[in-house]
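Notes to accompany the following structure.
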Amino acid sequence: MRNEVAQTRSDTDGIDRLDGVRFGTHALHQALCPLWDDLPEPSSARELAVRGFANIVRQHAMAQWVLVQRELDVSATALVRPTYEALVRVVWTLRGADDSWIEGFFSPTKDALKSHAETRKGPDVAAMLAVIERYHPAEIFQPLLSLKEHTWRAMHSYVHSGIRPVVQSFVVFPADEAASLLINANGMLMLATNAVRIAHRLRSPMLPELQRQYADCLPNPC
């Protein structure tokens, strides 16, 4: 009986935490909108690339909130990896990608015009992280590295329909894990917002205040 009471209390705490994170996430998204609305049109290929990758992060992060609201937890979890990879590309493209890579990314090739091939592939995540470590401070690099180290194998399973999403599809997704999923998505959205504004040479003095205001909905600083 004691274990059952403890489990019930834990479940209730998890639900309460998820409700708070869901509400705070929606408010955070609304608070970030003006920082995206005042972005100017990209004036260079690099700005365009950063903006495009950041747009992906933003849409995926907001989609995860919608999916959690609808209790579509497998789909929400499957978006973690593409959100993360887009974020890595945001930061890598901002400072690290050379001009020739960006030019090639936006240059149509015969294969890309005649088939479903990409204009320019690579580099892989590990290579981009190595470059990010050289060009960015630890407070940017460490969260990216930590998220990869703690979730990469699981993310791979969800993207490729492995055993993890199959099992999850038959059980109730723990509220505490759903809250953590949203918290990680919010952290990636904050990083992408900062990076895209840096790319446009815009100051963002309000971001530290939003970090404090919505601390319960964001990852703890590394």
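The values are calculated or read from the model by the stated rules, or taken from the named source; none is laboratory data. As the structure is a computational prediction, the values presented were derived from the model and not from experiment. When we count neighbours, we look across all protein chains shown, and the Cβ atoms used for this are built from the backbone with ideal geometry, even at glycine. Please note that ligands, DNA and RNA were not included when accessible areas were found on the heavy atoms of the full protein model with its side chains. Shrake-Rupley method; radii C 1.70, N 1.55, O 1.52, S 1.80 Å.
Step by step: first the residues of the range 78-126, then only those that are at pLDDT below 80 and among the small types (Gly, Ala, Ser), then the one that is farthest from Asn184 (Cα to Cα). Which residue is that?
To start, the set of residues in the range 78-126 that are at pLDDT below 80 comprises 108-122.
Still in the running and among the small types (Gly, Ala, Ser): 112, 115, 117, 122.
Numbers: Ala112: 34, Ser115: 35, Ala117: 31, Gly122: 25 Å.
Filtering first and then ranking leaves Ser115.
In the range 1-18, the residue that is modelled with the highest pLDDT out of those that are under 27 Å from Met188 (Cα atoms) and open to solvent by less than 70 Å² (accessible area, probe 1.4 Å) is Leu18.
Taking the numbered list (1) in contact (Cβ under 8 Å) with a residue 24 or more places away in the chain; (2) within 17 Å of Pro143 (Cβ to Cβ) in turn, Ala215 passes all entries but (1).
Look at the range 184-215 and say how many of its residues are in contact with a Lys or Arg (Cβ under 9 Å, 6 or more places away or on another chain), modelled with pLDDT of 95 or more and of a type outside the set (A, V, I, L, M). The number of residues fulfilling the criteria is 3.
I'd like to verify a number: residues in the range 118-144 that are charged (D, E, K, R), surrounded by 14 or more Cβ atoms within 10 Å (Cβ to Cβ) and not in a helix (DSSP H, G or I), how many?
First pass over the range 118-144, keeping only residues charged (D, E, K, R): 118, 120-121, 124, 133-134, 139.
Checking the rest, the ones that are also surrounded by 14 or more Cβ atoms within 10 Å (Cβ to Cβ) come to 120, 133.
Narrowing the set further to residues that are not in a helix (DSSP H, G or I) leaves 120.
Count: 1.
Looking at Gly20, is it under 26 Å from Ser146 (Cβ atoms), without any contact (Cβ under 8 Å) to a residue 12 or more places away in the chain, of a type outside the set (Lys, Arg) and assigned to a helix (DSSP H, G or I)? Taking the combined requirement at face value, the residue does not satisfy it. Only one of (1) outside any helix (DSSP H, G or I); (2) open to solvent by 30 Å² or more (accessible area, probe 1.4 Å); (3) closer than 15 Å to Asn194 by Cα fails for Glu41. Which number is that? The failed condition is (3). Taken over the range 153-194, the criterion of being in contact (Cβ under 8 Å) with a residue 12 or more places away in the chain and of a type in the set (Phe, Trp, Tyr) is satisfied by Tyr158, Phe173.
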